[in-house]
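Shown next, in structure tokens, is the structure this report addresses.
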Amino acid sequence: SSPDVRDFVESLTSECHFVNGTQRVQFLERYIYNQVEYVYFDSDVGKYIGKDEFGRINAEQWNNNPDIMDQKRNRVETFCIYNYGWMQEMGATKRKVEPSIKISLMDQYEQPHADQHMLLCNV
């Protein structure tokens, strides 16, 4: 009998949402385990928000850590606005294109032991 093979994927995404250049900026940091977001930081709220029991435990710990909270609350300046300036220099903020989306089924060889199939979304 072959062993039960499982893949576990932990990912972190950081997002900056801009309105009128840097007039209004929102920073989001999302923690995702096996394609399920369990906790995120929202600069508009100023804290982490848990989306399930595990996420709420993490959010409570992080929200009560002044060093972590100072770092995250400063991300609008240190990450978003900083990178906006760099993107502006490169001309990326002037590019205006019509968005497009493509949804496709991932090839079976990319997930040989999957019980479920995965969709790939390219925007």
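Restricting to region 53-88, and then to whatever is among the basic types (Lys, Arg) and closer than 14 Å to TYR31 by Cβ, can you tell me which residue is surrounded by the fewest Cβ atoms within 10 Å (Cβ to Cβ)? Looking at residues that are among the basic types (Lys, Arg) and closer than 14 Å to TYR31 by Cβ, I get ARG56.
The residues on offer are SER14, SER1, and the sole one that is in a strand (DSSP E or B) and either modelled with pLDDT of 95 or more or farther than 25 Å from CYS80 by Cβ (or both) is SER14. Just one of the listed residues (ILE68, ILE81) is aliphatic (A, V, I, L, M) and touching a residue at least 24 places away in the same chain (Cβ under 8 Å), and it is ILE81. Take the conditions (1) surrounded by fewer than 13 Cβ atoms within 10 Å (Cβ to Cβ); (2) more than 14 Å from the chain's Cα centre (by Cα); VAL36 misses just one of them, which is (2).
On the basis of being farther than 22 Å from ASN122 by Cα, hydrophobic (A, V, I, L, M, F, W, C) and out of contact with any strand residue (DSSP E or B) (no Cβ under 6 Å at 6 or more places or on another chain), does ILE68 make the cut? Yes, satisfied.
Residues of region 39-90 that are β-branched (Val, Ile, Thr) and closer than 23 Å to GLN23 by Cβ: VAL45, VAL76, THR78, ILE81. Would you point out the residue of region 39-50, among those that are in contact with a Phe, Trp or Tyr (Cβ under 9 Å, 6 or more places away or on another chain) and of a type in the set (A, V, I, L, M, F, W, C), that is surrounded by the fewest Cβ atoms within 10 Å (Cβ to Cβ)? For region 39-50, the residue satisfying everything is ILE49. Once region 9-21 is narrowed to residues that are within 30 Å of LYS96 (Cβ to Cβ) and under 13 Å from the mean Cα position of the chain (by Cα), the residue that is surrounded by the fewest Cβ atoms within 10 Å (Cβ to Cβ) is LEU12.
Touching a residue at least 40 places away in the same chain (Cβ under 8 Å) and loosely packed, with under 13 Cβ neighbours inside 10 Å: does that describe ARG24? Against the criterion (touching a residue at least 40 places away in the same chain (Cβ under 8 Å) and loosely packed, with under 13 Cβ neighbours inside 10 Å), ARG24 does not qualify.
The values are calculated or read from the model by the stated rules, or taken from the named source; none is laboratory data. Since we're looking at a predicted model, the values are computed, not measured. Counting neighbours? That spans all protein chains shown, and the Cβs are built from the backbone with ideal geometry, glycine included.
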